[in-house]
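The values are calculated or read from the model by the stated rules, or taken from the named source; none is laboratory data. Remember, predicted model here, so these are calculated numbers, not experimental data. A quick note on method: Cβ atoms are made from the backbone with ideal geometry, for glycine too, and the neighbour counts reach across all protein chains shown.
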């Protein structure tokens with residue numbers, strides 16, 4: 001999957017959602033042809049919108065499960081996994097991005113808030129807020145093969161670039177670290193409150209969490225699994241996105257407002273700092 005060239009800030013009924021453009025190939029297998037660049041956006045009305053990121057036009061609308069909240073893409077862009085947090089039975093919809101159709105619905109143990117795909121494409125992890133668990137999905141069999149008890153109200157998940165660990169942001173104020181081989185929690189990191197998102201740097205050295213309650217973004221050293229810095233933003237940072245270079249983190253607020261741009265130093269202990277704010281249009285850019 002190619003690196004995204006921009007960050008999309010999409011106002012939705014849920015608040016403000018950061019969407020990184022997905023580069024889906026024309027077929028399930030990689031080809032020599034140039035990929036079609038598309039963003040898959042979860043809508044609360046039970047659909048996923050497919051947006052051509054070059055023209056910013058909706059090219060398809062896909063009906064999925066109850067209240068889709070997040071979309072995660074396979075490394076080759078051939079599959080989109082939709083986390084649904086609506087009514088029971090709970091499940092993850094699998095979209096074939098070549099045809100933009102749902103080809104499977106995978107039952108899981110609770111309503112999913114966010115999803116993340118293993119770098120090898122073999123596993124999908126979902127944060128199931130109400131059950132306090134993370135579901136582990138095998139993509140080959142399209143089945144949940146394990147669920148891991150984590151902190152209070154797991155909300156967001158991210159997988160390290162080497163695929164060895166999953167970091168889970170819990171609204172209860174902790175981050176759970178899961179070993180992907182044993183599917184067991186190996187560390188619990190305390191810091192922040194109302195943690196609503198987490199991203200990991202391209203080199204895997206740091207994780208960043210958004211604390212809506214404290215108006216801040218915390219930096220976690222993934223070697224020691226400790227919080228080593230905090231950037232005070234004010235407001236209510238809700239969703240995060242990282243530039244492909246790892247040098248910038250974008251923080252979007254829960255309510256309307258500006259997106260904070262956080263410059264990340266090459267090495268700690270130099271502290272990250274907010275350098276500017278971006279104010280996207282308040283209108284919905286996905287409207288026809």
Checked region 163-200 for anything within 17 Å of residue 124 (Cβ to Cβ) and in a loop (DSSP other than H, G, I, E, B); matches are 163, 164, 180, 181, 183
Matching residues in region 105-143 (over 20 Å from residue 78 (Cα atoms) and in a strand (DSSP E or B)) number 8
- Hey, does region 177-189 have a residue that's surrounded by fewer than 22 Cβ atoms within 10 Å (Cβ to Cβ), free of Cβ contacts under 8 Å to residues at least 24 places away in the same chain and closer than 30 Å to residue 235 by Cα? no
Reported set for region 41-56 where residues are touching a strand residue (DSSP E or B) at 6+ places or on another chain (Cβ under 7 Å), farther than 18 Å from residue 114 by Cα and either free of Cβ contacts under 8 Å to residues at least 12 places away in the same chain or assigned to a loop (DSSP other than H, G, I, E, B) (or both) is 53, 54
Of the listed residues (51, 57, 41, 102), the one being closer than 19 Å to residue 144 by Cβ and modelled with pLDDT of 50 or more is 102
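Matching residues to (1) closer than 29 Å to residue 37 by Cα; (2) buried (at least 24 other Cβ atoms within 10 Å of the Cβ); (3) touching a helix residue (DSSP H, G or I) at 6+ places or on another chain (Cβ under 7 Å):
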position	(1), (2), (3)
82	yes, yes, no
104	yes, no, no
112	yes, yes, no
119	yes, no, no
128	no, yes, no
132	no, no, no
137	yes, yes, no
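Yes/no matrix, rows are residues, columns are (1) assigned to a loop (DSSP other than H, G, I, E, B); (2) more than 13 Å from residue 42 (Cβ to Cβ):
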site	(1), (2)
71	no, no
75	yes, yes
81	no, no
103	no, yes
Counting only residues that are in contact (Cβ under 8 Å) with a residue 40 or more places away in the chain and within 20 Å of residue 115 (Cα to Cα), region 190-205 contains a total of 9
Taking the condition surrounded by fewer than 19 Cβ atoms within 10 Å (Cβ to Cβ) and either modelled with pLDDT of 90 or more or in a strand (DSSP E or B) (or both), does residue 218 pass? no
